[in-house]
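Structure, as structure tokens:
Rule-based calculations on the coordinates, nothing more; no lab input. In this text the structure is predicted, and so the values were computed from the model without any measurement. Note that we place each Cβ from the backbone using ideal geometry, even for glycine, and neighbour counts take in every protein chain shown.
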Amino acid sequence: MRKRQPEQREGWLERAQQSGLHAFVNLAKRVRQDEAAVRAARTFPWSNGPVEGHINRLKVLKRQAYGRAKLDLLRIQLLAS
């Protein structure tokens, strides 16, 4: 995927399905179910990875302060990170 070589994807999916490993079989099944998203991911040059990283960071901060901190402490932690 990183080298954007779609011709190799189908062979990998076949090997994943035939591996018998539950996680690989499910992954191959899901990739085939969402073919449009997979095609877009290998076609377009942009990614939502940085956005997902920020969301994850905010969720971690929220969980750390859940039940123990008020909004002002959460704001200080957020600005410090």
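Quick look at the values:
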quantity	calculated
Looking only at the stretch 54-81, and only at residues there that are among the small types (G, A, S) and loosely packed, with under 10 Cβ neighbours inside 10 Å, the one that is nearest to A16 (Cα to Cα)	S81
Count - residues of the stretch 35-61 that are under 14 Å from the mean Cα position of the chain (by Cα) and under 19 Å from E10 (Cα atoms)	3
Filter pass, V38 being in contact (Cβ under 8 Å) with a residue 24 or more places away in the chain, surrounded by 10 or more Cβ atoms within 10 Å (Cβ to Cβ) and part of a helix (DSSP H, G or I)	yes
Within the stretch 41-60, tally of residues that are out of contact with any helix residue (DSSP H, G or I) (no Cβ under 8 Å at 6 or more places or on another chain) and part of a helix (DSSP H, G or I)	13
